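*Asks:* Here you go, one structure.
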Amino acid sequence: MRPLEDIRRRIQLLELNNHSTSDFYREYVQFLIRKMGTMSVLDSEGKVQKIESFFANPERAVAKMKEDRNLTLPVITVSIDDIDDDAERRRTDNVIEMESAWDNKGQRAVRVVSIAPKAVKVLFLINFWAKYTEDINQMMESLQLMFNPALDIQTKFSTTVQAFISQVSDSSITSLGDREDRVLKKAIQVSVDTYIPTKKYLYSNTGEIEALNLEADLDFDEIIDETTTSRTTKRG
């Protein structure tokens, strides 16, 4: 097996020549939108009213309410508030992760290597918008039950990440201009400690490293041997 430092350098060279996009944050946002979309409230007549949930920052949400006269309150909006490096969980770039997976297409076990994932703290902002305090209270009750004490985030990257409520604040009444409506808003900040996954590479029996163009063909739930994390003592 090649020295781990050599593996890291080869991976970095491959990454210089291979530009790729990631839907990491989109996965988290979409999960929260779907989860918030399961909420409902009872109206004054005791009928169940489903709540629409969509992605928008607070300014865009107000603009949408002004533009869309068919939008019925209450609604929920989700947006990314901030993304920070997590120094406490930070791992150096000389950490190489090795694991085995099953190649469904080739019907064989393969070895996969990657640089350690990036530890980050992601803050999401969930806003409740309603005309009536009773609706806000019902929505907050449902939210507290979801985060009891944490909400398990389910994405294609992980099923073990948890989200916690870090702050709840009441916002002032917002006027929608010529509609002469008032809107009550409750802002909830949600904190998620997670890792941005790094690109995985195929590590052949001859010691060659190559990009995985069809990662969907690999089954990482069917591990052939124990996943190990290897470290080197040098820094490149």
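The values are calculated or read from the model by the stated rules, or taken from the named source; none is laboratory data. The shown structure was predicted, so the numbers you read here are calculated from the model rather than taken from an experiment. Backbone-built Cβ (ideal geometry, glycine too); neighbour counts: all protein chains shown. For accessibility, only protein heavy atoms count, side chains too; no ligands or nucleic acids. Shrake-Rupley method; radii C 1.70, N 1.55, O 1.52, S 1.80 Å.
*Asks:* Need the C-alpha centroid separation for segment 18-81 versus segment 145-174, integer Å.
*Replies:* Measuring centre to centre over Cα atoms gives 14 Å.
*Asks:* Counting pairs of Cα atoms in segment 103-157, how many percent are more than 17 Å apart?
*Replies:* Every Cα pair in segment 103-157 considered, those over 17 Å come to 67 percent.
*Asks:* Going highest first, how would you order 105-114, 6-15 by mean Cβ packing within 10 Å?
*Replies:* Averaged packing, sorted descending, gives the order 6-15, 105-114.
*Asks:* May I ask you to give the average projected area over all directions of the convex hull of the Cα atoms of segment 27-109, in nm² rounded to one decimal? Intermediate results must be reported in sequence, preceding the final value.
*Replies:* Numbers: hull surface 46.0 nm².
Mean shadow area of the hull around the Cα atoms is 11.5 nm².
*Asks:* Give the accessible area for THR133 in Å² (nearest 10); use a 1.4 Å probe, count only protein heavy atoms, and leave out ligands, DNA and RNA.
*Replies:* 80
*Asks:* Right, next: Where nothing but the Cβ of Lys and Arg (+1) and of Asp and Glu (-1) is charged, how large is the charge dipole of segment 1-89 around its Cα centre, in debye to the nearest 20?
*Replies:* For segment 1-89, the charge dipole is close to 380 debye.
*Asks:* When the accessible area of segment 100-174 is computed with all protein chains present and a 1.4 Å probe, what percentage of it is carbon and sulfur?
*Replies:* Using a 1.4 Å probe with all protein chains present, segment 100-174 comes out at 50 percent carbon and sulfur.
*Asks:* Report ³J(HN,Hα) in whole Hz for each residue of segment 113-119, in order, from the Karplus equation J = 6.51 cos²θ - 1.76 cosθ + 1.60 where θ = phi - 60°; Gly and Pro get x.
*Replies:* 10, 7, 6, 3, x, 8, 7
*Asks:* Among the listed pairs LYS66/LYS156; LYS118/LYS186; LYS66/LYS186; LYS121/LYS200, which are separated by more than 30 Å between their Cα atoms?
*Replies:* LYS66/LYS156; LYS118/LYS186
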